[in-house]
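Okay, so here's the structure we're looking at.
The values are calculated or read from the model by the stated rules, or taken from the named source; none is laboratory data. Because the structure is predicted, anything quoted here is derived from the model rather than measured. Backbone-built Cβ (ideal geometry, glycine too); neighbour counts: all protein chains shown. Only protein heavy atoms, including side chains, enter the accessible area calculation; ligands, DNA and RNA are left aside. Shrake-Rupley method; radii C 1.70, N 1.55, O 1.52, S 1.80 Å.
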Amino acid sequence: LRQETEAALAEAGDVRAWDAVRVATLGKSGRLTGLLKELGKTPPEERRARGAALNALRDELSEAIEARGRALETAALEARLAAERVDVTLPVTEAPRGLIHPISRAAEEIVAIFATMGFSVAEGPDIETDWHNFGALNIPAHHPARADHDTFYLPPSPGLDVPRVLRTHTSPVQVRAMRTETPPIRIIVPGRTYRADHDATHSPMFHQCEGLVIGRDIHMGHLKGCLIDFLRAFFALPELPVRFRASYFPFTEPSMEIDIGCDRRTGILGEGSDWLEVLGSGMVHPRVLANAGLDPAEWQGFAFGMGIERLAMLKACIADLRAMYESDLRWLRHYGTSP
Ligand code: PHE
């Protein structure tokens, strides 16, 4: 048995074969175990001597089996190390690296400028309730303004009886902020927005940046000063012409659209006109304040919203909106900025 086991061990070339030998010898129905079990049938006068001999053999064989096991493990480890060795002398293959995307860059710059004016960043969910996106903002169910928004409605989900949409603008975050924070409030809200619209100048997903200021004595002078300062800082043009034009948004009253002068002097490309619209704004409608739980007799404020793509395109002279989303590294190397 000793010789046979030793021969079998020597032949076992891997852990699996080794384990088979171990089980066949020392396992529950292994050969040595069998011999030990039969000890009881041995005549008593022989039993003692035979027992001692078998125990010695068991010690010897388990030692041999263990030794062979360790040897096989070491060999396996060495083979793995040899196979997985890294050749540090090979030339480095550099992974293609991008740059900061103009949309991210513009968002960062916008946030940084408003940060110097004391605004902090707020966020809200991309999937909004119809109420936050429309109702609370004074856009009730059959309001014509809903039609302009080309809304993506989400299918009703079981257990949730509120209709949900992909937010069509960042304005619902105004409502969330007014409901959760105690004024004064000064927030800037960059984020993704969605409208079912797709052509050279519209993408179904795009980015907006919302701003909201709420306080006791906030008036339109603050709105104007704040946004003129912002636009001149963003375009790095201290003399940039800025024009406020009366407009309409259901959630602000009065409402204004803001244009910047574009010509050879400012270097900003217009589409055949001298003025380019870049911002929507207005004094927060008293009904919106009330919907969000603020008393319009005590609190006033202004809000504004801008398209980040549009500002990024104007600043970096990017002509085609769609290229923004193509993840073309050549494009990014041209229009991107290093970190
Ligand atoms: N939410 C408006 C839009 O998407 C922009 C806006 C925001 C206008 C805040 C006024 C005040 O067009």
Can you tell which of Thr252, Pro44, Ile113 lies farthest toward the positive end of the dipole of the chain, using +1 and -1 charges on the Cβ of basic and acidic side chains (Lys, Arg; Asp, Glu)?
-> Pro44
Rounding to the nearest 20 debye, state how big the charge dipole of the range 72-184 is about its Cα centre with +1 on each Lys and Arg Cβ and -1 on each Asp and Glu Cβ.
-> 320
Assign one of three labels to the range 155-309, namely rounded, prolate or oblate, based on the Cα gyration tensor with a ≥ b ≥ c the square roots of its eigenvalues; rounded applies when a/c is under 1.5, prolate when it is not and a/b is larger than b/c, and oblate otherwise.
-> oblate
Which order do Val173, Val111 take by accessible area at a 1.4 Å probe, largest first?
-> Val111, Val173
Lys, Arg +1 and Asp, Glu -1 on Cβ, resulting dipole of the chain about Cα centre, debye, nearest 20 = 780
For His132 the rounded accessible area (nearest 10 Å², probe 1.4 Å, non-protein molecules ignored) is 30
Length released on extending from Glu298 to Thr337, taking residue separation times 0.36 nm less the Cα-Cα span = 9.6 nm
Can you work out the accessible area per residue across the chain, with the rest of the protein chains kept in place, probe 1.4 Å, in square angstrom?
-> 57
Using a 1.4 angstrom probe and counting only protein chains, how large is the accessible area of Val92 in Å², to 10?
-> 130
5 angstrom amide H check on Trp275, placed H, neighbours 5+ away | Cys262
Listed residue (Leu276, Ser171, Met220) projecting farthest to the positive dipole end of the chain, Cβ model | Ser171
Given a 1.4 Å probe and the protein chains all in place, what does the accessible area of Glu181 round to, in Å² to the nearest 10?
-> 80
Counting only protein heavy atoms and using a 1.4 Å probe, what share of the accessible area of the chain belongs to carbon plus sulfur, as a whole percent?
-> 55
Long-range amide H contacts for Val121: which residues qualify at under 5 Å (H placed 1.01 Å from N, peptide plane, sequence gap of 5 or more or a different chain)?
-> Ile188
What's the local net charge at Pro184, with K and R +1, D and E -1, over the other residues with C-beta under 11 Å away?
-> 0
For the range 1-109, give the magnitude of the charge dipole about the Cα centre (Cβ charges: +1 Lys/Arg, -1 Asp/Glu; no others), in debye to the nearest 20.
-> 660
Determine the shape class of the chain: with a ≥ b ≥ c the square roots of the Cα gyration tensor eigenvalues, call it rounded for a/c under 1.5, and otherwise prolate if a/b is greater than b/c, oblate otherwise.
-> prolate
What do you reckon, how do Glu11, Glu298, Glu66 stack up by accessible area (1.4 Å probe), largest on top?
-> Glu11, Glu66, Glu298
Distance in Å, no decimals, from the C-alpha centre of the range 267-339 to the one of the range 185-250 is 6
Shape call for the range 138-233, from the Cα gyration tensor axes a ≥ b ≥ c (a/c under 1.5 means rounded, otherwise prolate when a/b beats b/c, else oblate), comes out oblate
